[in-house]
Amino acid sequence: MHTTIINSSPHLIFVVLMMLCIAIIKNGYTQDSIISKLPKGKWISNRGPFDPRPYDNTLFGSLLFTDDYFNWKNKLWIDKGISFGGYFSANIQIGSQGLPTHQISETLILFTWEPLRKARSAGRLVVGFAYDLTFGKPTTRGFADNQKLIETPNDLDTDPDQTFATLGLLHWTQEWRTGPNGGWAIRAGQLYAPSYFGPARYLDDDRRFFMARPVAAAAGAQWVGNNDIGLGVNALYWKTPFYISVAVMDGKANRNYPDVKSLGDAEFLYLAEVGLERDIDGPNEATLRITFSHLDLTDKSGPGQSLMISGDMLFNGVWGIAARYSRSFKRFTSDYKELVSLGFLWEQPFNRSQDLAGLGVFTGKPSDPNHNW
């Protein structure tokens, strides 16, 4: 469920973010065990099943895959460093402004091969492919306009071809001197920037969490959904509980495939993020991230910058809260030029191990004044 509020103050969510910051700093050095952002190489055989399924007490059970399949898949990762997965998801959307409805499907395939495993280093190939298909009319943007929505309701726009396919991930990740308290990593190749910059648990996936795109993406930053896929390099350093990450990547690449030709134009997206992480994937996980960007383009909209502040906190593995603020400067090519999102979550409601209940709200300023309905 989500609620749209167009003209309200973001002050409340800033207060929430500051409360997250205070709580993380207070407890950042008091954790008995802190999991690093990237796993330590020599811990691979001890870090448990890579895909610990099937889960108990699910709605439909394991209709297609048995325990033997998941045991084989886990063994493949531990013994050979190979992991794969994905999903197919389809939905039909209808709005309060009446027909027509909107039908769209998304297919995602992920593959990882980690051939390099040493005492304090690891190297892996990461591949990701996504395909969106709109069934009939209208397209995603057309449906949003009919319903008087600033942002598309679910997934990216498929206009005019009604499809969107991308090889969004094709890069090598190399880690050095990794451990529970620090390490280095480099990613080089085809990058999908929202995977590595400005994330907030529960606000990053319109299939697993909130369907409304303003609560599932940092849509107030002009590069998100527009200039976020391309060839580049990302460097990461972490010293628990802090980390810093920087990247430079093609800012005008074709988002469907690795666009080598576009690199020659030297129009780049620059990203920098500092963050604080505590008890990652644990029952009291808490994070706070600040992300800056500069998009150096020479088209009619010109260059621009953006700011993101995002964070999340989990309480005893039951209740969660996540918030994100994103804003563009000078270049306003996204649907929002400023957006604030807030989500409240209940993990495993009614003892259902893989279920989640939540309430999301958002408020924003549209880039196009004609969309200020």
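The values are calculated or read from the model by the stated rules, or taken from the named source; none is laboratory data. Because the structure is a prediction, the values reported are computed rather than measured. Don't worry about glycine lacking a Cβ; one is built from the backbone with ideal geometry, like all the others, and counts go over all protein chains shown.
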Among the residues in segment 181-191, are any of a type outside the set (Gly, Ala, Ser), buried (at least 24 other Cβ atoms within 10 Å of the Cβ) and assigned to a loop (DSSP other than H, G, I, E, B)? no
>> Condition check: free of Cβ contacts under 8 Å to residues at least 60 places away in the same chain, buried (at least 18 other Cβ atoms within 10 Å of the Cβ), assigned to a loop (DSSP other than H, G, I, E, B) and touching a helix residue (DSSP H, G or I) at 6+ places or on another chain (Cβ under 8 Å). Does Thr152 satisfy that?
In response: no
Selection status of Tyr87, on the phi < 0 side of the Ramachandran plot, of a type in the set (Phe, Trp, Tyr) and either loosely packed, with under 13 Cβ neighbours inside 10 Å or over 26 Å from the mean Cα position of the chain (by Cα) (or both):
yes
Checking Val260, Val233, Val215, Val274 in turn, the sole residue that is in contact with a Phe, Trp or Tyr (Cβ under 8 Å, 6 or more places away or on another chain) and surrounded by fewer than 21 Cβ atoms within 10 Å (Cβ to Cβ) turns out to be Val274
Of the residues in segment 200-240, those that are closer than 20 Å to Leu110 by Cα, of a type outside the set (Asp, Glu) and either modelled with pLDDT under 85 or part of a helix (DSSP H, G or I) (or both) come to Arg201, Arg207, Arg208, Phe209
Counting only residues that are under 17 Å from Trp238 (Cα atoms) and in a strand (DSSP E or B), segment 280-294 contains a total of 6
Reported set for segment 256-275 where residues are charged (D, E, K, R) and touching a residue at least 12 places away in the same chain (Cβ under 8 Å) is Asp259, Asp265, Glu267, Glu273
Within segment 322-339, residues out of contact with any Lys or Arg (no Cβ under 6 Å at 6 or more places or on another chain) and either surrounded by fewer than 19 Cβ atoms within 10 Å (Cβ to Cβ) or more than 20 Å from Asp205 (Cβ to Cβ) (or both) come out as Arg327, Phe329, Lys330, Arg331, Phe332, Thr333
Looking across segment 101-149 at residues that are touching a Ser or Thr at 6+ places or on another chain (Cβ under 6 Å), closer than 19 Å to Pro214 by Cα and of a type in the set (Ser, Thr, Tyr), the single one that is surrounded by the fewest Cβ atoms within 10 Å (Cβ to Cβ) is Thr139
